[in-house]
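Asks: Pasting in a structure now, in structure tokens, and then I'll have a few things to ask.
Bear in mind these aren't lab numbers, they're just calculated from the coordinates by the rules spelled out. Source: prediction; values computed, not measured. Every residue, glycine among them, receives a Cβ derived from its backbone with ideal geometry; neighbour counts consider all protein chains shown.
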Amino acid sequence: MFRNNRVKHIGWFVYESFARTIGYRQPRRLAVKPNIRLPVALSLALPFFSSKKTSLTKVNEHDLEVDDDKLVLQQKLIEADQLFLANKYEDVVRLLVDYKDKNDVQVLWRLSKAEYNMSLDENISKEKKKSLISSAHECIIKALSIDSNISEVHKWAAVLIDAYSNINLGIKEQVLKLETVKFHLQMALELNPKDPFSQYMIGYWCYNLADISWFRRKLGSIIFGTDIPESTYEEALEYFRQAESIQPKFYCKNLLMLGKTFLKMDNKFSAEYYLKLVTQYPVKTVEDHQAKIEAEKILKSSFG
């Protein structure tokens, strides 16, 4: 999710906004809020098309042209996935923008993903950020209306519904969107149970809600006039562990959250184990660097 190491970490879900609203101050973080990095190379490529030898009537000439167009688009989708690997999100948009109005779900969720990642650049203006998120949100909602049986569509719907709520809605409306966000994450997982990132995302959702005390939850319910969704550290841990079992050490933040969750559950032995893994994780992105610093701080403050 990073381009030229200039990406700003932004909060995911409204937990932090809610906490600030009712007077809770979180421990000082690394100068930026926790973020989620999502898969950058999950290719849901369409099948290739080939033409059969036949007399070129007007009808099958048209069919061949259609197949030709699909083949070109297929190649562009493959190229887009390669660009995601290189974090070249603007190039993805340039590559696929001409297909935006073709009602192709594979194009729409990739455009949504690219524009969202572009919005994380800390050097863009607030107006540009809002424009990118709004455009990405529009793309993913359109994709949902066309085909709601694709894991990536639900995954990016969860991210964009939350991001769009954060910039356009009040805290109460954001809280009301929490269950919608979880629904799309669960659908993404149901459609692709072997995706460790979906497991991580639901675990992160659970952890943040479990981290709200009874008092703050009660106060929030009074202020907003609606119940705050609930979860437990045990539930969060289950998702983080499942993600790790699918693909060990796939993501530094999953290791970090395993350590933090075990610490919340007073299992210091396991917490220290995972936090040390984070400090040993190869640093390739800003996100890796931030996770390493946070893990080092926790180890120093909790283990001496």
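Asks: What FRET efficiency, computed as 1/(1 + (r/R0)^6) with R0 = 25 Å and r the Cβ-Cβ distance, is obtained for GLU127 and LEU169, rounded to the nearest 0.05?
Replies: 0.90
Asks: Compute the FRET efficiency between ASP101 and ILE78 as 1/(1 + (r/R0)^6), taking r as their Cβ-Cβ distance and R0 = 22 Å, and round to the nearest 0.05.
Replies: In this case the efficiency is close to 0.55.
Asks: Ratio of Rg to Rh for segment 145-186, alpha carbon only, Kirkwood? Can you show the working numbers first?
Replies: Working: Rg = 10.6 Å, Rh = 10.5 Å.
Here the Rg-to-Rh quotient is 1.01.
Asks: Efficiency by 1/(1 + (r/R0)^6): what FRET value for PHE215 and SER302, r their Cβ-Cβ distance, R0 = 35 Å, to the nearest 0.05?
Replies: It comes to 0.90.
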